[in-house]
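Here's the structure, in structure tokens; my notes come after.
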Amino acid sequence: MQEKGKGLYFYSYTKGSGKTKLISSIANALIKQYSVDLIFITGEDLLNEIKGTFGKDSRQSTSEMIKIFRVIKVLVIDDFGIEAGENGANDWVERTFTSILNDRLEAKLVTIFSSNIKIDDLDQYYKSGRLSSRVKEMAPEIPMPEESVRVRKADYENTKLEELLYE
């Protein structure tokens, strides 16, 4: 996958289905086993890091910050697509992601995504369609279970605590 520059795109409409835990485990394994240079960040935080360079007091230029995301060996983007909001991404958000992902695609760098949105449905939030086609070329889409592991785990833990309390 590294030779072809292919990543992975995990999605589930259900929040708490284990997407973040899975991509965190993959990222940790890549670092531990292969000492890979890697950034793990949410889509929203990635944009906030770039926006943080807009002020005159910033120690880093916007282009330097964007370059970090363009050239890192492995980029793991958690919750990709939520930054677009219900009304869709603004032009700056779409251009920024398209630019970063296009450079990563051309350089055959691995990008791993988690999302609550199928790749084809990204076009509802990113209107140009340029982003979804790049993501589709970068990573196969892998559906996650449509059940909340987080809720199931919480229910189990709470039941155990209740048993202790009512002994």
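The values are calculated or read from the model by the stated rules, or taken from the named source; none is laboratory data. This structure is a prediction, so every number in the text was calculated from the model and none was measured. Cβ atoms come from the backbone with ideal geometry, glycine included; neighbour counts cover every protein chain shown. Note: accessible area is taken over every heavy atom of the protein model, side chains too, but ligands, DNA and RNA are not part of it. Shrake-Rupley method; radii C 1.70, N 1.55, O 1.52, S 1.80 Å.
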Practice problem: Just name the residue that is surrounded by the most Cβ atoms within 10 Å (Cβ to Cβ) out of those in segment 90-117 that are within 17 Å of Lys6 (Cα to Cα) and of a type in the set (D, E, K, R). | Solution: Arg104
Quiz item: without any contact (Cβ under 8 Å) to a residue 24 or more places away in the chain and surrounded by fewer than 20 Cβ atoms within 10 Å (Cβ to Cβ) - does that describe any residue in segment 144-152?
Solution: yes
Practice problem: Output the helices (runs of 4 or more DSSP H) that fall wholly within segment 1-82 and possess 2 or more residues being among the polar types (S, T, N, Q), or say none. | Solution: 19-34, 62-71
Quiz item: Which one of the conditions (1) open to solvent by 70 Å² or more (accessible area, probe 1.4 Å); (2) of a type in the set (S, T, N, Q); (3) touching a Lys or Arg at 6+ places or on another chain (Cβ under 6 Å) does Asn158 fail to meet, given that it meets all the rest?
Solution: (3)
Quiz prompt | segment 125-143 - residue that is touching an Asp or Glu at 6+ places or on another chain (Cβ under 7 Å) and in a helix (DSSP H, G or I) and, of those, surrounded by the most Cβ atoms within 10 Å (Cβ to Cβ) | solution = Leu131
Practice problem: Mind listing whichever residues of segment 108-155 are at positive phi and either in contact with a Lys or Arg (Cβ under 8 Å, 6 or more places away or on another chain) or at pLDDT 85 or above (or both)? | Solution: Lys108
Quiz item: Can you name the condition, by its number, that Glu64 falls short on among (1) more than 20 Å from Ala139 (Cα to Cα); (2) open to solvent by less than 10 Å² (accessible area, probe 1.4 Å); (3) not hydrophobic (A, V, I, L, M, F, W, C)?
Solution: (2)
Quiz item: Within the bounds of segment 102-124, is there any residue that is out of contact with any helix residue (DSSP H, G or I) (no Cβ under 6 Å at 6 or more places or on another chain), farther than 25 Å from Gly52 by Cβ, of a type in the set (Ser, Thr, Tyr) and not in a helix (DSSP H, G or I)?
Solution: no
Practice problem: Return yes or no: is Lys32 open to solvent by 50 Å² or more (accessible area, probe 1.4 Å) and not acidic (Asp, Glu)? | Solution: yes
Quiz prompt | Cβ-Cβ under 9 Å pairs, at least 6 apart or on other chains, segment 56-71 side under 18 Å from Ile41 (Cβ atoms), far side open to solvent by 100 Å² or more (accessible area, probe 1.4 Å) | solution = Thr62/Phe54
Self-check item: Where Ile82 falls short, out of the listed (1) closer than 19 Å to Asp121 by Cα; (2) crowded, with 18+ Cβ neighbours inside 10 Å
Solution: (2)
